[in-house]
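Undergrad: Dropping a structure here in structure tokens format, bear with me for questions.
Any read-out appearing in this document is the output of simple, stated calculations on the displayed coordinates, not a laboratory observation. Keep in mind that what you see is a predicted model, and the values were worked out from it rather than measured. So basically every Cβ, Gly included, is an ideal-geometry build from the backbone, and we count neighbours across all protein chains shown.
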Amino acid sequence: MHFDILTLFPEMFAGPLTASILGKAQKSGLVSVDVWNIRDHALDKHKIVDDTPYGGGAGMVLKVDVLVRAIEAVKGDSETPVIYLSPQGQVFNQDMAAQLAKLPRLILLSGHYEEIDERVRQHWVDFELSIGDYVLTGGELPAMVVVDAVTRLLPGVLGDESSFQQDSFQNGLLDHPHYTRPATFRGMNVPEVLLSGHHDNIARYRLKEALRRTIMRRPDLLEKKDLSMEERQLLDELAAEFSAEGRVNTNESD
Ligand code: 9WO
């Protein structure tokens, strides 16, 4: 997988892309990233990339000619999709990350402070993605979020033990609780079942706790999900627990 990132602040990308898993994935050749400076495509002697908006108003607008030169220089005659990171895009999620991970190459366009000329959006941008409903100073951090979310899905990037967890999120539930030693800390115990070595019971406990978390914190995720027989049964058990609690959550595990 190859990412081309177009930005006015290439230096913002140095740390996050070279550290940890993203750094390793690049070293091992599973992913490559080129960061390009949009300003290199400004042709005047002051390297101007923006101008005042037609119709007046606050802010500046990134110039169509500069942006199109930058996009065309990177894209060449390839069919690589151009993704613009903006609060006005479709909200990015795990399913989109999985779709993007199937592609050989992506061009990510980050604006900074200013909006882009609408003609770029209409004729050169294929998808507009938002990472959530808030405004940042630019699309650089969102571009890094997309690179991170997509890269970890590429075969070979994560170890084998992690792929189960990925399945667990991709089955549309929040993750179950995790514990490690000691089994007792200041009187707080790890749930018995996790110490039992009984793998079926452990899997069932984890699925139930994943369902509990999802229903308590993100009921919207459950509404979208197709439930298995086991999941329906566990949800019935949880509903019985909730009514026994008289709608007050006294469960120790949450
Ligand atoms: C800047 C500005 C200045 C004066 C008046 C109005 C203004 N609006 C903006 C503005 O919205 N700037 C954005 C900054 C332009 C596009 C790039 N920027 C951006 C991207 N902020 N937040 C994102 C973003 C991208 C993806 N997901 C979440 C947030």
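Undergrad: Return one quarter of the surface area of the convex hull spanned by the alpha-carbon atoms of region 2-151, equal to its mean projected area, in nm². Walk me through the numbers on the way to the answer.
TA: Working: hull surface 37.3 nm².
Computed as one quarter of the Cα hull surface, the answer is 9.3 nm².
Undergrad: Exposed loop sites here are chymotrypsin sites (Phe, Trp or Tyr not before Pro) in DSSP loop states with at most 11 other C-beta atoms within 10 Å. What is the longest stretch of the chain lacking them? Numbers along the way, then the final one.
TA: Details: sites that count: Tyr54, Tyr134.
Within the chain, the longest run free of exposed chymotrypsin sites (Phe, Trp or Tyr not before Pro) spans 135-254.
Undergrad: What list do you get for Leu106, Leu238 if you sort them by fewest beta carbons within 10 Å? Don't skip to the answer; put the middle values down first.
TA: Numbers: Leu106 22, Leu238 17.
Going from least to most buried by this count: Leu238, Leu106.
Undergrad: Another question, if that's okay. For the chain, set up a Gaussian network in which alpha carbons nearer than 10 Å are linked by springs, and say which option among Gly138, Gly55, Gly29 fluctuates the most.
TA: Answer for the Gaussian network model of the chain: Gly55.
Undergrad: Within the set of other residues whose C-beta is less than 10 Å from the C-beta of Gly59, count the net charge using Lys and Arg as +1 and Asp and Glu as -1. Don't jump to the answer; show the numbers that get you there.
TA: Details: positive: none; negative: Asp50, Glu114, Glu115.
Net of charged neighbours comes to -3.
Undergrad: Calculate the all-directions average of the projected area of region 166-254's alpha-carbon convex hull, and give it in nm².
TA: Values: hull surface 26.6 nm².
The number I arrive at for region 166-254 is 6.6 nm².
Undergrad: Ok, one more. How far apart, in nm, are the 7 Å Cα→Cβ label points at Asn171 and Lys102?
TA: Between Asn171 and Lys102, the simple spin-label model gives 2.2 nm.
Undergrad: While we're looking at this one, here's another question. Going by a ≥ b ≥ c, the root eigenvalues of the Cα gyration tensor, does the chain fall in the rounded group (a/c under 1.5), the prolate group (a/b larger than b/c) or the oblate group?
TA: Numbers: a/c = 2.75, a/b = 2.14, b/c = 1.29.
Prolate.
Undergrad: If each residue of separation counts as 0.36 nm, what is the full-extension length gain between Ala203 and Glu237 once their alpha-carbon separation is subtracted? Walk me through the numbers before you get to the answer.
TA: Details: separation 34, 0.36 × 34 = 12.24 nm, distance 1.56 nm.
Additional length available on full extension: 10.7 nm.
Undergrad: Using a Gaussian network model of the chain whose springs link C-alpha atoms within less than 10 Å, name the residue from Leu22, Leu85, Leu195 with the highest mean-square fluctuation.
TA: Most flexible of the set in this elastic network: Leu195.
Undergrad: Based only on the alpha carbon positions, what is the Kirkwood hydrodynamic radius of region 108-240, in angstrom? The partial results should precede the final answer.
TA: Working: mean 1/r = 0.0537 Å⁻¹.
About 18.6 Å, per the Kirkwood formula over Cα pairs.
Undergrad: Just to confirm my numbers, what's the Cα centroid distance between region 131-159 and region 28-103 in Å?
TA: If we compute the Cα centre of each part, the gap is 15 Å.
Undergrad: Quick one: compute the contact order of region 2-151, relative version, from alpha carbon pairs under 8 angstrom and 6+ residues apart, as a percent. Numbers along the way, then the final one.
TA: Working: 247 pairs, mean separation 45.4, N = 150.
It comes to 30 percent, rounded to a whole number.
Undergrad: Along the Cα-to-C-beta direction of Glu128, a point sits 7 Å from the Cα; which residues of region 61-94 have their amide N less than 12 Å from that point?
TA: 84-91
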